[in-house]
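Structure incoming, see below.
The values are calculated or read from the model by the stated rules, or taken from the named source; none is laboratory data. Worth saying up front: this structure is predicted, and the values here are computed from it rather than measured. Cβ coordinates were reconstructed from backbone atoms using ideal geometry, including for glycine residues, and neighbour counts include every protein chain displayed. These accessible areas exclude ligands, DNA and RNA; they are computed on the full protein's heavy atoms, side chains included. Shrake-Rupley method; radii C 1.70, N 1.55, O 1.52, S 1.80 Å.
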Amino acid sequence: MAPSAAQLTLAAEKLLFDISTNVLSSRILSHFSLDSNVVMQHSWSTCPNPNSYRFTGLNAVRSYFDLLSTHYERSSLTQHTIHVVESTGCVIITASVQWTWKSSRHQWQEDYTCHIDYDSSLQVVSFIVVTTSPEWTCVMRAVDPTWGGKKKKLFNSLQWSVFSLT
């Protein structure tokens with residue numbers, strides 16, 4: 001039986017709560033399907049090729065959240081709207097989050113729309129984040145202004161090497 005709108009809403013709110021409280025990746029992974037090839041994507045609205053920011057599998061999900069927790073702190077995650085498409089098991093959320101670089105304490109806000117698709121067991125099978133604020137606010141494009149060019153290049157290469165291992 002397909003999940004109800006109330007069940008989908010509750011599942012999405014639990015996932016966002018865990019993300020907002022900076023829990024370990026292992027806890028966040030408990031929201032994702034073990035039976036499907038999970039899709040994870042995080043890009044910005046004007047990205048010319050958003051599929052280049054798409055990763056598949058639980059290892060990619062773990063790597064994504066590990067990378068974020070290594071370099072950033074999340075705070076003030078605020079949900080603005082939630083829309084449930086019960087027939088497809090999709091939850092669409094608009095929200096914002098305050099990011100802080102752990103190294104420099106530099107902060108910025110990212111506004112985004114998150115599309116979460118659930119299976120019949122209320123496990124996430126697709127988690128797509130599209131930044132709706134300016135491109136530079138997308139955490140996947142974030143550059144710490146206190147870093148020099150060499151460190152920026154190093155971080156970008158490390159960022160993508162984590163995902164290429166999955």
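Can you confirm whether residue 121 is in contact (Cβ under 8 Å) with a residue 60 or more places away in the chain, open to solvent by less than 20 Å² (accessible area, probe 1.4 Å) and not in a strand (DSSP E or B)?
For residue 121, the condition - in contact (Cβ under 8 Å) with a residue 60 or more places away in the chain, open to solvent by less than 20 Å² (accessible area, probe 1.4 Å) and not in a strand (DSSP E or B) - is not met.
Among the numbered criteria (1) within 15 Å of residue 125 (Cβ to Cβ); (2) of a type in the set (A, V, I, L, M); (3) within 15 Å of the chain's Cα centre (by Cα), which one does residue 77 miss?
If we test residue 77 against (1) within 15 Å of residue 125 (Cβ to Cβ); (2) of a type in the set (A, V, I, L, M); (3) within 15 Å of the chain's Cα centre (by Cα), just (1) comes out false.
Identify the single condition in (1) of a type in the set (S, T, N, Q); (2) open to solvent by less than 60 Å² (accessible area, probe 1.4 Å); (3) modelled with pLDDT under 95 that residue 37 does not satisfy, given that it satisfies every other one.
(2)
Also, I was wondering about something else. Could you pull out the residue among 130, 143 that is out of contact with any strand residue (DSSP E or B) (no Cβ under 6 Å at 6 or more places or on another chain) and open to solvent by 10 Å² or more (accessible area, probe 1.4 Å)?
Of 130, 143, the one residue that is out of contact with any strand residue (DSSP E or B) (no Cβ under 6 Å at 6 or more places or on another chain) and open to solvent by 10 Å² or more (accessible area, probe 1.4 Å) is 143.
Right, another one. Check every one of the helices (runs of 4 or more DSSP H) wholly within region 1-112 and list those with 3 or more residues that are in contact with a strand residue (DSSP E or B) (Cβ under 9 Å, 6 or more places away or on another chain).
Fully inside region 1-112 and qualifying: 5-20, 58-71.
Could you figure out which of (1) open to solvent by 30 Å² or more (accessible area, probe 1.4 Å); (2) touching a residue at least 40 places away in the same chain (Cβ under 8 Å); (3) touching a Ser or Thr at 6+ places or on another chain (Cβ under 8 Å) isn't true of residue 111?
(2)
Listed here are the residues, each with its yes/no results for (1) farther than 26 Å from residue 6 by Cα; (2) in contact with an Asp or Glu (Cβ under 7 Å, 6 or more places away or on another chain).
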{"residue": "59", "(1), (2)": "yes, no"}
{"residue": "64", "(1), (2)": "yes, no"}
{"residue": "68", "(1), (2)": "yes, no"}
{"residue": "71", "(1), (2)": "yes, no"}
{"residue": "74", "(1), (2)": "yes, no"}
{"residue": "87", "(1), (2)": "no, no"}
{"residue": "94", "(1), (2)": "no, no"}
{"residue": "100", "(1), (2)": "yes, yes"}
{"residue": "104", "(1), (2)": "yes, yes"}
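To keep it simple, each residue is scored yes or no on (1) more than 16 Å from residue 141 (Cα to Cα); (2) touching a residue at least 40 places away in the same chain (Cβ under 8 Å).
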site	(1), (2)
1	yes, yes
9	yes, yes
17	yes, no
26	yes, no
30	yes, no
45	no, yes
61	yes, yes
66	yes, yes
85	yes, no
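Given (1) buried (at least 17 other Cβ atoms within 10 Å of the Cβ); (2) modelled with pLDDT under 95; (3) within 17 Å of residue 115 (Cα to Cα); (4) among the hydrophobic types (A, V, I, L, M, F, W, C), where does residue 60 come up short, assuming only one miss?
Status for residue 60: all satisfied but (3).
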